[in-house]
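Student: The structure under discussion is supplied below as structure tokens; questions concerning it will follow.
The values are calculated or read from the model by the stated rules, or taken from the named source; none is laboratory data. The shown structure was predicted, so the numbers you read here are calculated from the model rather than taken from an experiment. Because the Cβ atoms are built from the backbone with ideal geometry, glycine has one as well, and the counts that use them run over all protein chains shown.
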Amino acid sequence: MVAVPQEPKLLEPLSSVVGGFLRILTGLVAAAFILSLFSGVRIGWGSSNGCVTASWVNGSSTDTSALFSSKEGAQVSVIPEYCAADMDGYQRILNVLSELPSALLLIGGLILLNMLLKAAARNGIYTLQTANRVRVLSWWLLVGSVLAEIIQANAQTALLDTLTTEAPYTAVSWLNAWTPPYLAVLAGLGLLTFSRIIRVGADMREDIEGTV
């Protein structure tokens, strides 16, 4: 099926931005890998000292108000950040899992989006192939965002459990560490809807071309 000449222009500037960002990201990853080979510097995910901020564990006192300047009538609250002095293997795994899923979700989403835009520019927007690629991207966002947040919340809660007795690994601690991915879920649902619209448009396009 021949694509309509104007259809690639409809995908701009998103197509150029996504393609350019992917090239920059690939270059940065390659540069980081080469640097780790020749400099001895370990390039990885997670903070270097395994720090976790327990936002639900906080307190205040006259000492903290004096330490951090505040105006009259204001109260200063302190949110602790627990860091490992020397991480063991288990803590390193938890530290990586506390950040890596979101990075993989972003990279995978960019790759799928780039493939979608290139295929749409080449074959046309209102095609069954485009509808299928939009649906794949939508499920990637829907399922991936939820799984990423669940994995990261579990990793952060488990890592925090190894650093303090104030925040043991419990359901309450996990819920406090978990951030529901509202925007990603809504975006996924929106793309799922658009995939159905594109599929209807593709069927209508085939019917029109069949009658010509």
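Student: Looking at ASN132 and the list (1) crowded, with 20+ Cβ neighbours inside 10 Å; (2) in contact (Cβ under 8 Å) with a residue 24 or more places away in the chain, which single condition is not satisfied?
Tutor: For ASN132, the failing item is (1).
Student: Return the pair list, or none, for Cβ contacts closer than 6 Å from residues in the stretch 166-188 that are touching a residue at least 60 places away in the same chain (Cβ under 8 Å) to residues that are in a loop (DSSP other than H, G, I, E, B), at least 6 apart or on different chains.
Tutor: These pairs meet every condition: GLU166/VAL57; ALA167/ALA54; ALA167/VAL57; SER173/ALA167; ASN176/TRP56.
Student: For the condition touching a residue at least 24 places away in the same chain (Cβ under 8 Å) and within 18 Å of the chain's Cα centre (by Cα), what is the one hit in ALA84, ALA120, ALA153?
Tutor: Numbers: ALA84 fails: within 18 Å of the chain's Cα centre (by Cα); ALA120 fails: within 18 Å of the chain's Cα centre (by Cα).
Going through ALA84, ALA120, ALA153 in turn, just one is touching a residue at least 24 places away in the same chain (Cβ under 8 Å) and within 18 Å of the chain's Cα centre (by Cα): ALA153.
Student: Which of the following residues is over 25 Å from ILE151 (Cβ atoms) and modelled with pLDDT under 75: SER77, SER70?
Tutor: Details: SER77 fails: modelled with pLDDT under 75.
None of the others qualify; the one that does is SER70.
Student: Continuing with the same structure: Are any residues in the stretch 70-100 under 19 Å from LEU160 (Cα atoms), of a type in the set (Ser, Thr, Tyr) and assigned to a loop (DSSP other than H, G, I, E, B), and if so, which ones?
Tutor: SER98
Student: Restricting the search to the stretch 171-196, which residues are farther than 12 Å from SER138 by Cβ and aliphatic (A, V, I, L, M)? Give the steps one after another, and end with the answer.
Tutor: So the first thing to find is which residues in the stretch 171-196 are farther than 12 Å from SER138 by Cβ, and the list is 171-183.
Across the stretch 171-196, the qualifying residues are ALA171, VAL172, LEU175, ALA177, LEU183.
Student: Which condition from (1) over 26 Å from GLY108 (Cα atoms); (2) under 16 Å from the mean Cα position of the chain (by Cα) is the one that TYR169 breaks?
Tutor: Of everything listed in (1) over 26 Å from GLY108 (Cα atoms); (2) under 16 Å from the mean Cα position of the chain (by Cα), TYR169 misses just condition (2).
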